[in-house]
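I have placed the structure first, in the form of C-alpha cells, so that the comments after it can refer back to it.
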2 protein chains.
Amino acid sequence: MSTANTEQRVALPMTVPAQAITAVPMPEAVTIYEVGPRDGLQNEKAVVPVEVKAEMITRLLDAGLPIIEATSFVHPRWVPQLADAAELMGLLVDRLGDAARRMPVLVPNEKGLDRALELGLEHVAVFGSSTETFAQKNLNRSYDEQFAMFSPTVRRARDAGMDVRGYLSMCFGDPWEGAVEIDAVVRAGVRLLEMGAGQLSLGDTIGVATAGHVQAMVAAFGAAGVGPERIAMHFHDTYGQALANTHAALQVGITTFDASAGGLGGCPYAKSATGNLATEDLLWMLQGLGIETGVDLDAVVATSTFMAGQLGRPSTSAVVRALSGA
Amino acid sequence: MSTANTEQRVALPMTVPAQAITAVPMPEAVTIYEVGPRDGLQNEKAVVPVEVKAEMITRLLDAGLPIIEATSFVHPRWVPQLADAAELMGLLVDRLGDAARRMPVLVPNEKGLDRALELGLEHVAVFGSSTETFAQKNLNRSYDEQFAMFSPTVRRARDAGMDVRGYLSMCFGDPWEGAVEIDAVVRAGVRLLEMGAGQLSLGDTIGVATAGHVQAMVAAFGAAGVGPERIAMHFHDTYGQALANTHAALQVGITTFDASAGGLGGCPYAKSATGNLATEDLLWMLQGLGIETGVDLDAVVATSTFMAGQLGRPSTSAVVRALSGA
C-alpha cells in the first residue's frame, strides 16, 4: 500500500519538540490490534495459500491476540495477495464460528461490505488518507471523494450493528507532500468519526513520526474533543522509531496499538527493511513495563517463525530474530 | 564482547513498571558518544585495514560527532580486530592532532594506559561488569578483582590529567545470571566514580532493558547521589528497545548516549541482527524532537554506507537502510 523511496521521501523527520505533557499514568492493559494477516500479507511479494493464512490466523487467535484483522475485500486486481478473501473468511467462520465473525475485515466500498454482511461478520474497517495526494494514488479519488465513498459504507455497516474502524494513512508525513499538518489529520479523523467510525487508527505510513509529534497529535485530537480511547496508533518501523513512538503514546493515554506478527509487510520494495511494527517487539516492551495484553509472546514468535518459513525469508522482528538466534 | 543466545538468554524482559516520573523538560542538546570504531569494529567478523579505520574516524569527526572512541589498547589475542590500535592512534594523531588526542580509547589495564600516555591521549575508558559471571567471562577476574585492576589505571590516568570513563556492562540483565538488581549496578557504578571515573556508561549489553527499568535505574542512581549528568546510556537494539529506552532516559535527564555509526557491532554471532544502537537512528529521533547534537545525519549515513561496502554487508541501521533504499 505504502511506498517510500529516495525519490519520494520526506527530507528529514519533521521537528516537533516534546511538550510538557500531562502525566497520565501508564495504562494497566493495552489492546493489540493484529494487522499481520491483512496489512502484512498484502504487502508481501509472495502469495500465501489460503490454508496457510487460516493456520496463521488460528495460531494468532490461540496466542491470545484479541483483535485480528483477517483480510480485505478489495478487488483482486489491486491486491492479488488477498484475492482469496471470501474463501478465507468462509473457511474461518466454518472452523472458528463467532471468533472469526468478530475479526475485522477491510472493506473499501459497499461491494466489500456486502460480502462481509453475507458472511455475518461484525467488524469492518475503511481506509482513508490524510492527504490529497495519497487519496489519489491509493484510492484513485480526491480527498473529498474518499469521504463520499466511505459514507454509505460506514452508515450501512453501523445500521447493521457492525463496529467500524477508520484508518487514516500518512498522518505524520507524506512522501509526496512532505509535512502533514496535525490539524489536517484531526479534521480528517473527525470526519470519519462523525460519519460513524467507532475508532480511528492513525497510520505513520512511511515511518517518519517521532515521539514529540505523536504526543502533539494526541493533544490536538483531545482539543477537538476526541479522547485517546477512540484512537489507535499504527506505527511503522522504517526509521526505527515505532517503539519510541509507542512509549510516547502510552504516556498520553493511547491504549490500542496496531502491530504485525513478525513485522510482516509494510515495505514491499525493500528486501529486509522493516515496515510494520512487529507484534513481538511491542509485546516485549509492554511486558517489560508490566502492561497486560493477554498475549503469549512465545506463541506469537512461533507463528512468525512458521510464517517466515512459508515466505522463505527471515522475520524482520528484532525479538523473533534474537529469540530464534537467527 | 557480549553474546546472547538461546542457551543463555534471560527468559523474558524483566518487568519494571513505569513509575510516576518527575517531569524533567527534555534537554535542548544531547551528546552522542560514538562507539562504532571501537565497540562496533571489535565485534565485526571482518578485520578492517587501518587506513579504512582512519578514514571512518575522520569522516565521523567531520560529520560533527563530538566524541569518538577510536580503539582499544587490549591484547591482540583477545581482540584481533583492534590489533592495530597503536598504529591507528599514531596515524590519527599525526593527521588530526589535538582532535585525535581527545578521542577516548579503551584501556583494559596499566599497560594499555602506558600506550595512551606515550601518545599524549587525553581520554581513556575502563570496562567493568555489573555481574560476577560476566566479570569472570569477559575479564577473567572476579567482580572484586576487576575493581582492583582498574584502580591503579584510573588513578594514574587522573593524575596525568586524563578524563576517565567507566563502562559497566550487563546493567539491565545478564545472560547467565538473569535479572540484575538495580542496587547492584548502583554499587558498582559508585565504586567506579569513587575511584575517579568522571562518567559512567551503563550498558544494556544484551538489549533486554525496557523503558520503566531505565527510568528506575536513573532514579536509583539519583538516590545514591549520582545525577544524570554523570551517566551515559549505552543501549543495544537486540530486542528493538534501544530508542524507546532512549526516549525514557531523556525524560529523566540523561544527555549522553552511546551509539554506533550504522549499528556496527554488538552482535557478532548473528548474521544481521542488530546490536548497538545505530547513531543514525538516534539522530533521527533527536532531530524529530528538536534536540541539538551538532551532527550532520547525511554525513554519518554516507560514512556507514562506505563502511557497509568495506565490510561487505548492509548496515543494520533502519535509517541507513531507508535513506539508501537498501
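The values are calculated or read from the model by the stated rules, or taken from the named source; none is laboratory data. These numbers come from a predicted model, not from an experiment. Cβ placement follows ideal geometry from the backbone for every residue including glycine, while neighbour counts extend to all protein chains displayed.
Residue-by-condition table, conditions (1) away from chain A (no Cβ under 14 Å); (2) modelled with pLDDT of 75 or more; (3) under 22 Å from the mean Cα position of the chain (by Cα); (4) surrounded by 21 or more Cβ atoms within 10 Å (Cβ to Cβ):
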{"position": "B:5", "(1), (2), (3), (4)": "no, no, yes, no"}
{"position": "B:20", "(1), (2), (3), (4)": "no, no, no, no"}
{"position": "B:50", "(1), (2), (3), (4)": "yes, yes, yes, no"}
{"position": "B:54", "(1), (2), (3), (4)": "yes, yes, yes, yes"}
{"position": "B:63", "(1), (2), (3), (4)": "yes, yes, yes, yes"}
Give the residues of segment B:193-207 that are modelled with pLDDT of 95 or more and either β-branched (Val, Ile, Thr) or surrounded by fewer than 24 Cβ atoms within 10 Å (Cβ to Cβ) (or both), sorted by residue number. B:193, B:194, B:195, B:196, B:198, B:199
Tally, over segment B:286-326, of residues that are farther than 18 Å from residue B:35 by Cβ, of a type in the set (Gly, Ala, Ser), more than 10 Å from chain A (Cβ to nearest Cβ) and touching a helix residue (DSSP H, G or I) at 6+ places or on another chain (Cβ under 8 Å): 1
Check off (1) more than 19 Å from residue B:185 (Cβ to Cβ); (2) more than 8 Å from chain A (Cβ to nearest Cβ) for residue B:227 and give me the number that stays unchecked. (1)
Looking only at residues in segment B:179-190 that are in a helix (DSSP H, G or I) and more than 16 Å from the chain's Cα centre (by Cα), which one is surrounded by the most Cβ atoms within 10 Å (Cβ to Cβ)? B:188
Report, by residue number, each residue of segment B:191-215 that is assigned to a helix (DSSP H, G or I) and closer than 24 Å to residue A:318 by Cα. B:211, B:212, B:213, B:214, B:215
Do you know which residues across segment A:177-191 are under 22 Å from residue A:148 (Cβ atoms) and touching a helix residue (DSSP H, G or I) at 6+ places or on another chain (Cβ under 7 Å)? A:177, A:183, A:185, A:186, A:189, A:191
Please work out which one of (1) surrounded by 23 or more Cβ atoms within 10 Å (Cβ to Cβ); (2) modelled with pLDDT of 90 or more; (3) among the hydrophobic types (A, V, I, L, M, F, W, C) is the condition residue B:134 fails and give its number. (2)
Identify, from the list A:76, A:152, the residue that is surrounded by fewer than 22 Cβ atoms within 10 Å (Cβ to Cβ) and assigned to a helix (DSSP H, G or I). A:152
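Condition check ((1) away from chain B (no Cβ under 13 Å); (2) over 14 Å from residue A:171 (Cβ atoms)) across all residues:
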site	(1), (2)
A:214	no, no
A:217	no, no
A:222	yes, yes
A:231	yes, no
A:249	no, no
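From the list B:238, B:205, B:210, which residue is hydroxyl-bearing (Ser, Thr, Tyr), in contact with a Cys (Cβ under 9 Å, 6 or more places away or on another chain) and within 11 Å of another protein chain (Cβ to nearest Cβ)?
Going through B:238, B:205, B:210 in turn, just one is hydroxyl-bearing (Ser, Thr, Tyr), in contact with a Cys (Cβ under 9 Å, 6 or more places away or on another chain) and within 11 Å of another protein chain (Cβ to nearest Cβ): B:238.
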In segment B:107-149, what count of residues is obtained for those that are closer than 23 Å to residue B:180 by Cα, part of a helix (DSSP H, G or I) and not polar (S, T, N, Q)? 11
Being hydroxyl-bearing (Ser, Thr, Tyr) and buried (at least 20 other Cβ atoms within 10 Å of the Cβ) is the requirement here; does residue A:210 meet it? yes
Can you tell me which residue among B:59, B:102 is out of contact with any helix residue (DSSP H, G or I) (no Cβ under 6 Å at 6 or more places or on another chain), closer than 18 Å to residue B:32 by Cβ and surrounded by fewer than 20 Cβ atoms within 10 Å (Cβ to Cβ)? B:102
Residue count, segment B:90-112 (criterion: among the aliphatic types (A, V, I, L, M) and within 19 Å of the chain's Cα centre (by Cα)): 5
Condition test on residue A:260, is it closer than 23 Å to residue A:102 by Cβ and in contact with a helix residue (DSSP H, G or I) (Cβ under 9 Å, 6 or more places away or on another chain)? yes
